[in-house]
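Report on the following structure.
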Amino acid sequence: MNRPRPPDGLPTSPLRCAASALSACSNEWSAPLTSTSPSLGRQASRGAAQTLVWQAARIVIQFGGLIVLARLLDPNAFGLIAMIAVIVGIADLLRDFGLTNASIQAKTLSDHQRSNLFWLNVVIGVVLTLAIYLAAPLVADFYGEPDLRYLTEVLAGVVFINALGAQFRAEVNREMRFVALNATEVVPAAGGLIGAVIIAIATGSVWALVAQQLITSALSTVSLVAVSRWRPRGPNRQGDIRPIVKVGGGMLGTNAVAFSTRNADNIMIGAAWGATSLGLYSRAYQLVMLPVNQLLAPFTRVALPVLSRVQDDRTRFVNYLRGGQLVGIYIVGTLYALLIGFAQPAVEIVFGPAWLGMVPIVQCLAIAAAFRSLGQIAYWAYVATGNTGAQFRFYLVSQPLIVVGCLAGLPWGPVGVATALSVGYGLNWLASMAWCERATGLPMRSLAGAALWRTARHGVPAVAIALTTSSLVDHSLLAIAVGTFLAGSYWLLAFVVSRSFRADCAKLLSMTRKMKK
């Protein structure tokens with residue numbers, strides 16, 4: 001997400017460093033958006049800083065929800081919702097049709113075009129909502145779970161609710177009103193969690209999770225309409241949206257293939273191993289994907305408007321990509337390194353002993369998620385340069401191969417599928433960087449090499465330290481505390497010994513000072 005100005009109390013260290021890293025890797029702070037607006041670099045910097053502040057709040061909400069709801073509901077309930085989430089999620093992608101990001105990427109957008117995009121989203125949303133509702137009996141029959149029919153019929157409404165708010169979200173994002181944009185996600189997420197906890201305490205049923213999704217979607221749409229300065233008009237022939245639909249179609253194809261790949265594992269595990277196994281897997285997946293969904297995905301909303309405006313300046317464009325990659329390596333990568341090493345004590349603390357079957361799933365999925373986070377840079381490059389068609393062609397080949405890998409791992413259950421995903425996403429990331437360079441002419445392979453080197457220097461030793469500590473120290477909290485101290489000591493030693501590591505840290509600190517000005 002994106003925001004105007006960082007709060008005065010924001011600390012100087014990792015949070016601001018990460019925010020600054022997204023905005024630039026050089027002294028690119030002087031080029032204005034207009035004669036009166038702040039520089040693009042500073043605007044992105046402030047947006048990224050405030051993104052991290054808001055996303056920290058959202059991570060607390062989601063992480064707290066993971067803990068509380070896992071203690072109130074059994075794995076079977078989460079498995080049932082995971083079965084439906086695949087269907088609702090792909091429908092939501094089709095409903096958006098890639099138009100949200102396409103309208104953000106467009107350099108100019110008339111009021112008539114925005115209105116036509118709104119109505120197109122609404123019409124698609126109505127059609128897909130009805131389709132899911134009518135298909136509910138088939139979903140229940142496929143999984144052999146009769147209760148899925150009623151759950152699916154109710155959750156179909158999420159698609160329509162999201163359709164109403166899609167272009168309001170895009171408009172707020174285009175205006176780079178990052179505080180408003182973040183508030184419309186964090187506050188609804190809190191409201192949805194509160195509703196779910198109340199219902200879970202009262203009933204202990206899966207309907208708590210259904211209510212959570214409905215409340216979150218409804219509050220989000222209402223708040224987007226409230227904060228937006230734009231109101232749609234009726235459909236108008238003057239608003240030609242064909243160029244935007246064309247770009248959105250490329251994004252839709254890419255996102256649909258990627259979504260199908262990311263959720264094929266849920267379908268396989270649910271059909272072959274049942275709701276309880278899928279519940280364990282889905283909880284592990286949600287835990288692992290928190291850093292990707294709550295840090296890197298919102299950074300995309302900061303990056304795309306900025307990169308789209310400097311797409312004709314190759315030097316600045318590449319510098320912004322390098323800055324974004326530093327965030328992925330030093331912030332998100334650190335989280336995954338520690339999660340792999342501390343998986344057992346972390347699961348025991350967060351979910352309780354009954355969920356320890358998640359541990360190997362979490363470790364394998366963390367590797368897959370680390371590669372996904374590194375691949376975000378290629379996604380930015382494709383979208384910001386308008387090369388979504390090239391990305392789609394790559395996804396058509398690469399993503400089915402990942403699904404085939406998941407099928408190969410299915411006989412070994414959730415752990416086998418998670419292992420296949422980690423291998424598949426690693427190979428996919430290497431291939432995607434090479435393909436992106438071929439399509440865009442940007443030095444993506446050089447960025448990939450830098451990412452591998454920094455990960456080997458920064459992340460792999462941290463994993464080894466955390467794993468060793470977890471195996472030697474019986475007490476979960478003590479193991480995490482000791483392992484974190486030792487990993488921090490290693491990074492301090494690396495700072496003293498390694499000139500390149502010091503250069504990265506200096507770059508981050510330098511950009512932090514620039515952001516203060």
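Overview of values
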| quantity | calculated |
| --- | --- |
| Peptide ranges 465-475, 361-371 listed from the most packed, as the mean C-beta count within 10 angstrom indicates | 361-371, 465-475 |
| Region 303-517: relative contact order as a whole-number percent, Cα under 8 Å and 6+ apart | 25 percent |
| In sequence order, calculated HN-Hα J values of region 415-423 (Karplus, 6.51, -1.76, 1.60; Hz; x Gly/Pro) | 5, x, 5, 5, 5, 4, 5, 4, 5 |
| Anisotropy class of region 42-240 from Cα gyration tensor, a/c 1.5 cut | oblate |
| Spacing of the two label points (7 Å from each Cα toward its C-beta) at T203 and V60, in nm | 3.0 nm |
| Relative packing of peptides 403-412, 175-184 - highest average C-beta neighbours within 10 Å first | 175-184, 403-412 |
| ³J(HN,Hα) computed for each position of region 221-236 - Karplus, 6.51 cos²θ - 1.76 cosθ + 1.60, integer Hz, glycine/proline x | 5, 4, 5, 5, 4, 5, 8, 6, 8, 10, 10, x, 9, x, x, 9 |
| Per-residue HN-Hα couplings for region 185-200 [Karplus 6.51, -1.76, 1.60; θ = phi - 60°; Hz; x = Gly/Pro] | 10, 6, 4, x, 4, 5, x, x, 5, 4, x, 5, 5, 4, 5, 5 |
| Under-5 Å amide H pairs with D147, H placed in peptide plane, nonlocal only | none |
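Read-outs throughout are calculated quantities, based only on the coordinates presented, and are distinct from any laboratory measurement. None of these values were measured; they are calculated from a predicted model. Every residue, glycine as well, gets a Cβ built from its backbone with ideal geometry; the counts of neighbours run over all protein chains shown.
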